[in-house]
Amino acid sequence: MTSDQKYATDVKASWAPLVGLFLAQVLMSFNVAVLPVSLGGMVEDFGVPPTVVSSTIVTYGVAVAALVMVGAKLGQRIGWVLIFRIVVVIFACSSVMMLVSPSVGWAITGQALAGASAAIIVPALVALIAENYTGTQQATAIGSLGSARAISGVSAFMIGGALGTFVGWRPVFIIVLALAVAVFLFSFRLRSDRGNKAVQIDAVGAVFIGAAVILLTVGFNNLNAWGVLTARPTAPVAVLGLSPAIVMVVLGLILGQCFFLWTRRRSRLGKAPLVSLAVLGSGKERAAVYAMFIVVALEAALNFTVPLYIQIVQGRTPLDTSLAMLPFNLTVFIVATLVVRFYKKYSPRAIGVFSFSLTTIALVWLAVVVTNNWETIPTIAGLIVFGIGQGALVTLVFNVLVTASPKEAAGDVGSVRGTTQNLASAVGTALAGAMLVTILGINIGQAVTNNVELPRNLVDQVDLDDVNFVSNDQLREVLDATDATAEEVGRAVEINADARLRALKLGLLILGGISSIAIVPATRLPTYRPGEIPSPDGAKSR
């Protein structure tokens, strides 16, 4: 290292630009986190079913995942600081649309704009960190993105739950608007860069990856509603008896492979691809992507499972859910911030294997100790241990991808991160729902068949082909419409409660198994200690 290089590494840059980048991550995460909390208010306001309102969440996620690779190329072509400011303004406009929306169509359009803006903000954050920070400051800046995501989830549930209960759902988007304004103002502290007009955007590759992501996201999100394999009556169409959801997933995988084949072909011909596959050039980078996908999917599955039991099964409020998840979310926030302190002593491989071991132990522990009450000390302890592993992993694998790639590929790393995280979140949520409902249906079917206290004529009056998670009170309402006696209703409620709990335990155990399998790619993570993003002419040893 020359004296000039050493001086450049040792000089500490101002943290003011990072404040803006931190708030930009908060802006995106807060916006998407308050949507589930706002669903009830929007349903009442717009007079439409919850499934229609939930399209706001799906629209945002699909827009981010489908457009993030194109967004990275636009940033390289136009210039990261300029395009960052433009899309932050568009994000602010989306929050205004949410505030004044007279119909659900306005809300869906607003979230489409927010998602399209986030598709550029996601890679911009990585590129701008690479531009403004080096050395340990860079590692700290990267870690701050994970902590920003975690603290946004905590604050969104708490603030959104409180405002939704006492004021209404719209005021929460005033906070989103204020965040966008703050990010825009802080953007003037960012180091200016110049775009490269020579950067080309691969339209064919964009169509391949966009269609693949949309098909995969919509397919996985509807596995439970449309059927895992065979089409359910609720499916819009049936393809030779198959569920359209699984058909979409298969087509999405095929188009994804077409994207990789097309990208490699363009690279061989010397043409610019939509995303440089050099960021996945070695087994270490691919291992980081696999690890990122698994840990985000596990987090999404847990974030789906806990609210499912607290709000649907126990019939409690979103505020109760946020309080139950507070230990987990705070742990993720703290660990994601502090884990960078261990980078000087431990390699990514050591931290990754240890963290996945923690998430595995935590999920198996939860499967053993969990009850229908989430406020027990053993359950809280399990959530905290899982949060330690999850917080460390999200920051670590992102850092590995960034530090293993040349500085000029930072935007591509951001686009890979955005696609992976959004797709993993959809897959984790969908698979958790499909898995739990399937296990519940099997449990209830077996319990009803083996129970002699429930007469056959009562069983015939209940549709066991459409089993789902319901509270005890909802089940009693359904059974009141039958000729069941009070004793039979009581026994049916006991069967339902027992089947729900066993479904939860088995589901957590399966998630623990997936987490244990993830230790394998973690052993492929690099053994070097993460440093700074290497320059194009001096990539770090791997």
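The values are calculated or read from the model by the stated rules, or taken from the named source; none is laboratory data. Only a predicted model underlies this, so the values are computations on that prediction, with no experimental measurement involved. Cβ placement follows ideal geometry from the backbone for every residue including glycine, while neighbour counts extend to all protein chains displayed. Quick note on the areas: whole protein, heavy atoms, side chains included, nothing else; ligands and nucleic acids left out. Shrake-Rupley method; radii C 1.70, N 1.55, O 1.52, S 1.80 Å.
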(message) I'd like the Karplus ³J(HN,Hα) series for the range 110-115: coefficients 6.51, -1.76, 1.60, θ = phi - 60°, whole numbers in Hz, and an x wherever there's a Gly or Pro.
(response) x, 6, 5, 5, 4, x
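Keeping every protein chain present and rolling a 1.4 Å probe, give me the accessible area per residue for the range 136-203 in Å². Intermediate values should be presented prior to the final figure.
Working: 3170 Å² over 68 residues.
About 47 Å² of surface per residue is accessible.
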(message) Using a 7 Å offset from the Cα along the Cα-to-Cβ direction at both R77 and L277, what is the distance between the two label points in nm, to one decimal?
(response) 2.3 nm
(request) Determine the gain in length on full extension of the stretch F166-V239; use 0.36 nm per residue of separation and subtract their C-alpha separation, reporting nm with one decimal. (result) 21.6 nm
(request) Please arrange Y346, Y133 by accessible surface area, largest first, computed with a 1.4 Å probe and ligands excluded. (result) Y346, Y133
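Report, to the nearest whole %, how much of the accessible area of the range 208-264 belongs to carbon and sulfur atoms, 1.4 Å probe, protein only.
Values: 2260 of 2870 Å².
On the range 208-264, the fraction of accessible area on carbon and sulfur atoms equals 79 percent.
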(message) Output wanted: per-residue J couplings in Hz (rounded whole) for the range 300-306, from phi through Karplus 6.51 cos²θ - 1.76 cosθ + 1.60, θ = phi - 60°, x for Gly and Pro.
(response) 5, 4, 5, 5, 7, 5, 5
(request) List every residue whose amide H lies under 5 Å from the amide H of Y343, counting only residues 5 or more places away in sequence or on a different chain, with H placed 1.01 Å from N in the peptide plane. (result) none
(message) If I model a spin label as a point 7 Å beyond the Cα along the Cα-Cβ vector, how far apart are those points for A16 and I380 in nm?
(response) 4.2 nm
(request) Name the long-range amide H neighbours of L242: under 5 Å, sequence gap of 5 or more, or other chain; modelled H, no Pro or chain starts. (result) A231
(request) Can you tell me which of 380-387, 198-205, 256-263 comes out highest on packing, and rank the rest after it, using the mean Cβ neighbours within 10 Å? (result) 380-387, 256-263, 198-205
(message) Through the Karplus equation 6.51 cos²θ - 1.76 cosθ + 1.60, θ set to phi - 60°, convert the phi angles of the range 165-175 into ³J(HN,Hα) values in whole Hz; use x for Gly and Pro.
(response) 7, 9, 10, x, 7, 5, x, 5, 7, 5, 5
(message) Going by average Cβ density within 10 Å per residue, which order do the peptides 514-523, 366-375 take, highest to lowest?
(response) 514-523, 366-375
(request) With a point put 7 Å past each Cα toward its Cβ, work out how far T230 is from E494 in nm, to one decimal. (result) 3.3 nm
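Quick one: length gained pulling V368 to E487 fully straight, 0.36 nm per residue minus the C-alpha distance? Present the calculation step by step, with values, prior to reporting the outcome.
On the way: separation 119, 0.36 × 119 = 42.84 nm, distance 3.03 nm.
Full extension from V368 to E487 adds 39.8 nm.
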(message) Not counting ligands, DNA or RNA, and with a 1.4 Å probe, what is L511's accessible surface area in Å² rounded to the nearest 10?
(response) 10 Å²
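Contour minus end-to-end for T527 and N196, with contour as 0.36 nm per residue of separation and end-to-end as the Cα-Cα distance?
Values: separation 331, 0.36 × 331 = 119.16 nm, distance 3.48 nm.
Result: 115.7 nm gained on full extension.
Largest first, how would K271, K12 line up by accessible area (1.4 Å probe)?
Values: K271 105, K12 130 Å².
The ordering from most to least exposed comes out as K12, K271.
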(request) Beta carbons within 10 angstrom, averaged per residue: use that to sort the peptides 324-332, 95-103, 229-237, 180-188, highest first. (result) 324-332, 180-188, 95-103, 229-237
(request) Quote the convex hull volume per residue of the range 335-377, based on C-alpha atoms, as a whole number of Å³. (result) 86 Å³
(request) Taking amide H positions as placed in the peptide plane 1.01 Å from N, state which residues far from D202 in sequence (5 or more) or on other chains have amide H under 5 Å from it. (result) L274
